[in-house]
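Read the figures in this text as sums done on the coordinates, not as results from a lab. All values reported here derive from a predicted model rather than from experimental measurement. Cβ: placed from backbone, ideal geometry, glycine included. Neighbour counts: every protein chain shown.
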Amino acid sequence: MLGVAPSTLHRWLNDGIIPGEQLTPGAPWRIRLTEDLIARFSETAGDGFVTMHEATRKLCVSRQTVLQRVKRGELEVVHVTNGRKKGIRIKVITRQSELFEQTS
């Protein structure tokens with residue numbers, strides 16, 4: 001229903017990109033298709049979403065750290081399909097410079 005390979009789903013479950021549950025280790029995964037989950041799969045990502053490479057550069061962290069933040073729910077992620085190209089996009093909020101400026 002989501003249009004991705006089972007191996008991709010298993011990787012995303014492990015990385016915390018999509019939520020799922022397993023009753024016991026080795027049992028089939030249960031993925032609840034909620035409106036929120038379906039909304040994460042679209043043709044466009046929207047404002048503020050960037051590629052994984054851009055996210056690592058903007059946040060100055062490794063790919064693994066970005067995935068850990070996604071798993072903890074600190075970063076929002078969507079799966080984008082554009083023709084034959086597919087991939088995830090991460091929502092990165094850049095720091096606002098005025099928060100650190102000193103006033104006289």
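In summary, the aspartates and glutamates within cross-link reach of K86, defined as a Cα separation below 13 angstrom excluding same-chain residues under 8 places away, comprise E43. For the chain, the Kirkwood estimate of the hydrodynamic radius, built from every pair of different alpha carbons, is 15.3 Å. Computed per residue of the chain from DSSP H runs no shorter than four, each worth -39500 (n - 2.57), the mean residue ellipticity at 222 nm is -8000 deg cm²/dmol. Segment R11..E54, full-extension length gain: 13.4 nm, with 0.36 nm per residue of separation and the alpha-carbon distance subtracted. Backbone amide hydrogens, once placed in the peptide plane, bring I88 within less than 5 Å of V80, excluding anything fewer than 5 places away on its chain.
For the range 36-74, applying the loop criterion from DSSP together with a ceiling of 14 other beta carbons within 10 Å to the GluC sites (Glu not before Pro) yields E43, E74. Looking only at the range 1-34, which residues have a backbone nitrogen under 19 Å from a spot 7 Å from the Cα of V61 in the C-beta direction? Output list for this probe position: 12-19. Given R₀ = 25 Å, what would the calculated FRET efficiency be for S42 paired with I93, taking r from the Cβ atoms and rounding to 0.05? Calculated transfer efficiency: 0.80.
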